[in-house]
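Worksheet: one structure, shown below.
The values are calculated or read from the model by the stated rules, or taken from the named source; none is laboratory data. It should be emphasised that the depicted structure is a prediction, and the values quoted were computed from it without experimental measurement. Counting neighbours? That spans all protein chains shown, and the Cβs are built from the backbone with ideal geometry, glycine included.
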Amino acid sequence: MDDKRITIVVPCYNEEKMINIFYVECNKVLEKIDGYRFEYIFINDGSKDKTLINLKEIAKDDNRVKFISFSRNFGKEAAILAGLEKSEGDFVVLMDADLQHPPALILEMINYIEDGWDSVSTKRISRKGESFMRSHCSKLFYKVINSISDIAITRGATDYRIMSRKMVDSVLKLGEYHRFSKGIFEWVGYDTKWIEYESEDRIEGESKWSFISLFRYAIEGIVSFSTIPLKVSSFVGSLSAIGSFIYLIYIIFTTLINGKDVQGYASMICLIMFFGGIQLIALGIIGEYLARTYMESKKRPNYFIKEDNII
Ligand code: UDP
Ligand code: MG
């Protein structure tokens with residue numbers, strides 16, 4: 001009987017220092033796993049350092065190593081998509097190149113998926129070194145997204161996971177340009193087994209996430225999987241319309257009873273600013289959706305491949 005194939009998809013952006021360490025560490029684990037044929041697909045996401053050179057070096061001596069090199073940096077989501085599209089394994093493992101996703105878990109993941117789970121995903125339990133602000137913002141993000149969207153996203157969930165062929169094919173059927181993988185993996189359904197691990201700091205290189213990019217990512221997640229914010233603006237609008245109508249009647253009556261009253265400059269300014277603010281926020285929310293609709297309607301490819309060694 002032929003061994004099952006497992007494709008390991010690894011997005012890499014400026015990971016020259018990590019590639020070799022990752023490859024060596026990962027191989028140590030894979031050597032001990034019998035009965036499977038492993039292959040790697042590294043995606044060089046427009047790195048500006050020697051990532052591609054290192055990948056080619058590795059691929060020269062190991063025909064299980066495939067690489068795809070993008071024409072520029074298209075982002076991790078595009079890299080994940082390219083990796084999944086080119087993967088042919090019966091199972092696909094998705095992991096980062098920085099060893100923050102411990103390869104040692106692969107065996108456990110395989111055991112679960114052989115038991116019949118469609119996917120095994122991981123959750124970080126320690127967030128050492130994370131600032132107070134960051135951890136609170138992340139808590140808030142999960143609260144918001146879980147209460148207003150039709151999918152549930154687990155806090156601390158990482159992209160490190162194994163998926164069955166069936167699930168990968170389903171994920172690939174979602175042709176949206178703005179891809180929020182954490183949401184997509186939930187949205188397609190299937191049974192996911194969660195395992196937990198202690199997160200480690202990066203050994204080399206640095207995280208590509210700034211506070212702003214995390215904020216954009218959070219907005220992406222919410223806008224991709226919920227249209228509630230659009231409804232909130234009409235709800236707030238109706239409330240304020242009702243409120244101002246009542247206030248209008250009150251003013252008419254007090255003017256009729258007490259005569260003209262020229263005071264009220266401060267409250268007028270406050271109201272103008274307040275409603276002006278609300279209107280701009282509502283416009284901004286609509287803008288977020290409109291911008292995405294615009295981008296989706298262009299049907300641009302998610303990435304371009306400049307070079308690869310996949311035949
Ligand atoms: N990555 C990528 N393209 C990007 C940014 C990151 O392919 O534009 C890769 C990166 O090389 C790494 C993984 O995505 O393998 C996770 O990135 P990072 O470690 O910066 O994220 P964090 O672990 O801080 O969430
Ligand atoms: Mg990392």
(request) Among residues belonging to segment 108-136 that are within 21 Å of the chain's Cα centre (by Cα), buried (at least 16 other Cβ atoms within 10 Å of the Cβ) and hydroxyl-bearing (Ser, Thr, Tyr), point out the one that is nearest to ligand 1 (Cβ to nearest atom). (result) 122
(message) Quick check on this structure: which one of 292, 300 is surrounded by 11 or more Cβ atoms within 10 Å (Cβ to Cβ) and basic (Lys, Arg)?
(response) 292
(request) Check segment 226-236 and report whether any residue there is in contact with a Leu (Cβ under 7 Å, 6 or more places away or on another chain) and exposed (fewer than 14 other Cβ atoms within 10 Å of the Cβ). (result) no
(request) Out of the residues in segment 161-206 that are among the small types (Gly, Ala, Ser) and in a helix (DSSP H, G or I), state the one that is farthest from residue 85 (Cα to Cα). (result) 183
(request) Go through segment 30-59 residue by residue and tally those that are more than 27 Å from the chain's Cα centre (by Cα), at pLDDT 90 or above and among the β-branched types (Val, Ile, Thr). (result) 2
(request) Kindly provide the set of residues from segment 148-184 that are over 24 Å from residue 115 (Cα atoms) and within 16 Å of ligand 2 (Cβ to nearest atom), ordered by number. (result) 156, 181
(message) Is it the case, given these coordinates, that residue 170 is within 15 Å of ligand 1 (Cβ to nearest atom) and polar (S, T, N, Q)?
(response) no
(request) Might you check whether a residue that is in contact with a His (Cβ under 8 Å, 6 or more places away or on another chain), buried (at least 17 other Cβ atoms within 10 Å of the Cβ), of a type in the set (Ser, Thr, Tyr) and in contact (Cβ under 8 Å) with a residue 40 or more places away in the chain occurs anywhere in segment 153-160? (result) yes
(request) Confirm whether residue 143 is over 14 Å from residue 161 (Cα atoms), surrounded by fewer than 18 Cβ atoms within 10 Å (Cβ to Cβ) and at pLDDT below 90. (result) yes
(request) State all residues of segment 60-107 that are under 22 Å from residue 197 (Cα atoms), within 22 Å of the chain's Cα centre (by Cα), outside any strand (DSSP E or B) and more than 15 Å from ligand 2 (Cβ to nearest atom); if no residue qualifies, say none. (result) 105, 106
(request) Quickly run through segment 149-166 and pick out the residues that are more than 16 Å from ligand 1 (Cβ to nearest atom) and touching a helix residue (DSSP H, G or I) at 6+ places or on another chain (Cβ under 8 Å). (result) 149, 150, 151, 152, 162, 163, 164
(request) Select from segment 43-59 the residues that are within 22 Å of residue 160 (Cα to Cα) and either within 16 Å of ligand 2 (Cβ to nearest atom) or not aliphatic (A, V, I, L, M) (or both) and list them in ascending order. (result) 43, 44, 45, 46, 47, 51
(request) Would you be able to tell me the number of residues in segment 19-48 that are surrounded by 14 or more Cβ atoms within 10 Å (Cβ to Cβ) and under 22 Å from residue 305 (Cα atoms)? (result) 10
(message) Among the numbered criteria (1) in contact with a Gly (Cβ under 6 Å, 6 or more places away or on another chain); (2) within 13 Å of ligand 1 (Cβ to nearest atom), which one does residue 213 miss?
(response) (1)
(message) Can you confirm whether residue 244 is over 30 Å from residue 45 (Cβ atoms), within 30 Å of the chain's Cα centre (by Cα) and part of a helix (DSSP H, G or I)?
(response) no
(message) Just to be sure before I move on: is residue 77 surrounded by fewer than 18 Cβ atoms within 10 Å (Cβ to Cβ) and over 22 Å from residue 4 (Cα atoms) in the structure I sent?
(response) no
